[in-house]
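Visitor: Before we start, here is the structure in question, set down as structure tokens.
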Amino acid sequence: MNDDRPCNDQTAGRTTARIRLASVWGLALLLAWAVPATAQGGGGALEARAAQFVFIIDDSGSMSQERFGRTDPDRLAVFAVRALLGVLDDRDWASVLRLNGPREGEEPPPLAPLDVPHRRWLQRVLDLEGKLAAYAGEVTPCRSALEQAQELLNGADRPNVSQVVIFLTDGECTPTDDEERVLGFLDGLRSHMGDRRRFQFYLLRFQGTTPSKGLEKLAELTGGAAIELRRGDPTRILHTFAQALSRSQGYESQILTASNSELPAHRGARRVRLLAVVPGDGNDFLEIRLSDRDGNPQQVTPIDQGVHHYLPDGRKYRFVSAEYKPAGGPVRVDVVGAGDDWDVVALPEYRLRVEMVLHRGRCGKAKEKIESNVVAAGSDLCAVIRLVNDRAQAVGHDVTEGKLEGVLELRSESRSEPLRVTATPLRASEARFELDLQALEEGYHTIEAAVHLTPPGESRARILPARGRTLQAVNRAIESEPSEIRFGEIYPGFKGTRMVKLKGRFAETDARAEIQDADKIPPCVSLSFAGKPLGETVRMLSQQPYPLNLRVAEVCAREQVDLVKTHLLLRMPELPGDEALAIPLAWRLDSTVRVDDRLRFELEAGEPAQGVIGVTSEYQASLDLPTAPEDEPAEHLRLGFYAEHRDVPMLPGPDGEPLRKSRVAFGAENPIRVRVEARPCCDTGLYRSRLHLRPVGGGQARVVPIEIQVTGNWWTCYRSWVIAGLCGLLAALLTFYVLSMFTHSKLLAKKQLAARLVPLRWPRYGGAPQPGSDRGGDREEVEDMIREGMPWHQRAFNWLRANPLVFGLPGRRYCETLELFLAPDLTISSVALIPERDVVGRLQKAQEMDLWEEGRLFAHAGSNVSFQAVRGPKKEIGQLTPAGWYGKVKGLSVEPLNKGQRLIHQIPAQERREGVVAGWVLE
């Protein structure tokens, strides 16, 4: 077991800077060959640092244990890879494999773009306290690590993107049979197939160690290199990698020291990165400063600085990084705080490509550009070649600092050897070349161009190719529009159409469309032209567009990625002999099971979230149970598949088993849908799961990591309870409010009111009026009068008109009020409802009401029936005079009429008749 422990890795806040030095070591080697491969496979663009990288780091015990020689006690290998991640662009892809990881069943990080989350993931893998830096592996299992690297590379393969494996080890592969199988790594590696290979293998071994011959053979077969690294000497490693980097981009990097500190101008560079390393203890403060030859300071942008120190007795390395944009002549470099013991590597960054444009006519008299792929036989052409930067500006000697030569090669059917034409730049300030091609013969011609750049002091030229052109020279020019047909990336289920139009002087004619090398077209791909299968005759007119349709079956016979470049051949009587108009046709068929590199959810506790992953074939899929940050089962998290048209089960499944959906047909138009639900009181944090995919028709299985970030607080946990409580309270208040509308409503009881209104009649022998002898009959007449004046619909209308929403509130009420029109004759007495909420209360407060009129009498509902009258100077209520109203009254007032109050019709005694109604008494 390895007992090394990190003593002091001062990485807090400075991790990026501290790893930048080692990044340069890896970056220089990595790009030395990766970028040319991209140029060769990508149609002529020299895109710096555009590649996919897999680092395999030997973590066997010999890297650190005393009995094996302690190859890397300071963990400089881990340090170097961490540094590389800080310098690579975001569009580069990377993954890191621990050599013993696949053997132990460890799942590696995916090969994915270096965005912020993926960088953090890889840095966790490279942490000095992690498994990789422990160097605790028992053996050196090369085969299993290379098999896993092949799986990552094939899954991430993209057109025209180079792939690189860097394998760092200090010994031979063990067990010994692993060495015999390492060469099988290239079998089935897609980027190593075909004519234009985009894969390189680099073996980094420490000085004094003997690697397996199979690993060295891999480097040789792929155009990579086997490089020896001196133990514990970062400066030597830095120098080796910087030299490799310079060869990849056609310019020279430079190693600077205190005695040789001048940096060339590097005109045209986007930026120059400077990385300084200072061994040993000293002032932690380091700074890179630049000045011109006159001593004037130049603007420098610091990146960061740091110290790497792994063990208490280990060595220290101080380093600092910066960058600047070249603006003038040479500059001098100094590292403040390092004395004279420092080394600096300068890494200029260019983005150069070669472009070729063909013109009609000879150079110097050239006419318009040739956009078509058909020209007249005997035509003269002028090829203009330029070496340009990323702003499409031609660069010159001040950028390339070497010998430049433009090369043009013409390959024709009638030539056994290609015609080669060379030229030097027209001006030193511009890498621009003009080359003539005279009198093209009838037939097909392929024109390829390149710029050959020979750096100072070297004899071997770098070849920077341009995108080639294929022309057809015919006796009678018929051209197609567009000049080439591209369908881009196609996949199972794809349907696409491109319109083709012929330009030329010809009448309506018969034409037949064919595909060149039709036997190379996958069976799942079918084409038709002008609505008819290829090979059938169609009628064509000049300047008339015709559709070329391409269809891909839902399932291809095998999982593959094919870049198809062929020609659509149109055979017409107007073309001489058996010639055909050849229109370049290209597409890229990807029938592999493609999935996203990972799936991430961000949701709040108590809420669901959905995610989508696209695939291109039928599959069997399963989900692992989600785990909490402590790798324990997540009790409050549910994960599962879902569909918009049906419900499906969620994890956890029965007995804790993973949820499986077999033979579910998903494709490009029907992606995988994953749903996650977090219960309201789910703990916040990062949860993980994995989606397993296996193609139904056989093939390589995929694993998609799933990350679930759950956020929340007390509100998310108790929100439903709080809302339910508030809703309950609101419902209770609303119920109380509705009930109050009725409990606050006081209605008049008809029979009670009738019982209190008793008619008085004159007695036989005079005296005070008294209730009649037939009181039952009088009471029935009074009840009839009240019923007639208080119909139920009128009472309901008055209640609604008084607005129940108002008297449902606390302190408000509805008191039903009836105006009494009493007369000394029951037949003409009547009652009428008053549409007011509280008549008496308003009468007492506001005398300007329209009810404020002398002599009016009201029956008012309350706890009991009460009677109120408006009293005035006349002291009368209609024709009746209340008993007991004496004294003078000024104005109007509201007077209550108590029980026993008599209302008498005052008439002379001689007019009084026995039994005649004399008034009323309120009982």
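The values are calculated or read from the model by the stated rules, or taken from the named source; none is laboratory data. If you're wondering where the values come from, they're calculated on a predicted model, not measured in any experiment. Virtual Cβ from ideal backbone geometry, glycine too; neighbours counted across all protein chains shown. Ligands, DNA and RNA are stripped out before the accessible areas are found, and what is left, the full protein with its side chains, is counted by its heavy atoms. Shrake-Rupley method; radii C 1.70, N 1.55, O 1.52, S 1.80 Å.
Visitor: What is the set of long-range amide H partners of ARG467 at a cut-off below 5 Å, with H atoms built 1.01 Å from backbone N?
Guide: MET356
Visitor: Amide H of GLN298: which non-local residues (sequence gap of 5 or more, or other chain) have their own amide H closer than 5 Å, using H built in the peptide plane?
Guide: Placed amide hydrogens put LEU290, SER291, ASP292 under 5 Å from GLN298.
Visitor: At 1.4 Å probe size, what's the solvent-accessible area of ARG551? Round to the nearest 10 Å².
Guide: 90
Visitor: Can you check what the net charge comes to around PRO626, using other residues whose Cβ is under 9 Å from the Cβ of PRO626 (Lys, Arg +1; Asp, Glu -1)?
Guide: +1
Visitor: If you don't mind, another one. If you rank SER60, SER259 by how much accessible surface each has, with a 1.4 Å probe, what is the order from largest down?
Guide: SER259, SER60
Visitor: Another question about this same structure. In the neighborhood of SER528, defined by Cβ-to-Cβ distances under 15 Å, what is the net charge if each Lys or Arg adds +1 and each Asp or Glu adds -1?
Guide: Neighbourhood net charge equals +3.
Visitor: Using 23 Å as the Cα-Cα cut-off, could you pick out the over-long pairs in LYS365/LYS501; LYS746/LYS899; LYS369/LYS501; LYS751/LYS899; LYS503/LYS532; LYS369/LYS503?
Guide: Violating the 23 Å limit, Cα to Cα: LYS365/LYS501.
Visitor: Same structure again: So if we plug the beta-carbon distance of ARG391 and ASP90 into 1/(1 + (r/R0)^6) with R0 = 22 Å, what FRET efficiency do we get, rounded to 0.05?
Guide: Plugging the Cβ-Cβ distance into 1/(1 + (r/R0)^6) gives 0.60.
Visitor: Under a cut-off of 22 Å between alpha-carbon atoms, report the lysines in cross-link reach of LYS888, not counting same-chain residues fewer than 8 places apart.
Guide: LYS874, LYS875
Visitor: Run the numbers for TYR737 and ALA586: contour at 0.36 nm per residue of separation, minus the present Cα-Cα distance, in nm.
Guide: 46.7 nm
Visitor: State the antiparallel share, in %, of DSSP beta bridges confined to region 703-859, rounding to the nearest 5.
Guide: 85
Visitor: For ALA883 and GLN543 in the same chain, what is the full-extension length gain: residue separation times 0.36 nm, less their Cα-Cα distance, in nm?
Guide: 110.7 nm
Visitor: What are the residues whose amide H is under 5 Å from the amide H of GLY396, where those residues sit 5 or more places off or on another chain and H is modelled from the backbone?
Guide: ALA431
Visitor: State to the nearest 20 debye the size of the charge dipole of region 752-878 about its Cα centre, where the only charges are +1 on K and R beta carbons and -1 on D and E beta carbons.
Guide: Magnitude of the dipole: close to 460 debye.
Visitor: Label 7 Å along Cα→Cβ of LEU426; region 331-371 residues with amide nitrogen under 18 Å?
Guide: 354-370
Visitor: On to the next question. Within a Cβ distance under 12 Å of PRO771, other residues only, what is the Lys/Arg minus Asp/Glu net charge?
Guide: In short, +1.
Visitor: Using the beta-carbon distance between ARG486 and GLU635 and R0 = 45 Å, what value does 1/(1 + (r/R0)^6) give for FRET efficiency, to the nearest 0.05?
Guide: After rounding to 0.05, the efficiency reads 0.25.
Visitor: For THR446 paired with ILE828, estimate the spin-label separation in nm (one decimal), with each label point 7 Å from Cα along the Cα-to-Cβ line.
Guide: Rounded to a tenth, the inter-label distance reads 12.7 nm.
Visitor: Say the dipole of region 721-824 comes from +1 at the beta carbon of Lys and Arg and -1 at that of Asp and Glu; which of ILE786, PRO763, TYR814 then lies farthest toward its positive end?
Guide: TYR814
Visitor: What is the spin-label model distance, in nm, from LYS890 to SER291 if the labels are put 7 Å beyond Cα along the C-beta direction?
Guide: About 11.1 nm separates the two model spin labels.
Visitor: Considering only protein heavy atoms, what is the solvent-accessible area of ASP294 at a probe of 1.4 Å, reported in Å² to the nearest 10?
Guide: 130
Visitor: Label points 7 Å out from Cα along the Cβ direction at THR174 and GLU417: separation in nm?
Guide: So the two model labels end up 5.7 nm from each other.
Visitor: Which order do the peptides 436-442, 755-761 take when ranked by the mean count of other beta-carbon atoms within 10 Å per residue, highest first?
Guide: The most tightly packed comes first, giving 755-761, 436-442.
Visitor: I've got another one for you. Count neighbours as other Cβ atoms within 10 Å of each site's Cβ, and list the GluC sites (Glu not before Pro) in region 773-849 that are DSSP loop with at most 14 such neighbours.
Guide: Counting only loop positions with at most 14 other Cβ atoms within 10 Å, the GluC sites (Glu not before Pro) in region 773-849 are GLU848.
Visitor: Between TYR718 and GLU536, what is 0.36 nm times their sequence separation minus the Cα-Cα distance? Round to one decimal in nm.
Guide: 58.3 nm
Visitor: Same structure, new question: As a test question: what accessible area, to the nearest 10 Å², does ARG512 have when a 1.4 Å probe is rolled over all protein chains in place?
Guide: Accessible surface of ARG512 is approximately 80 Å².
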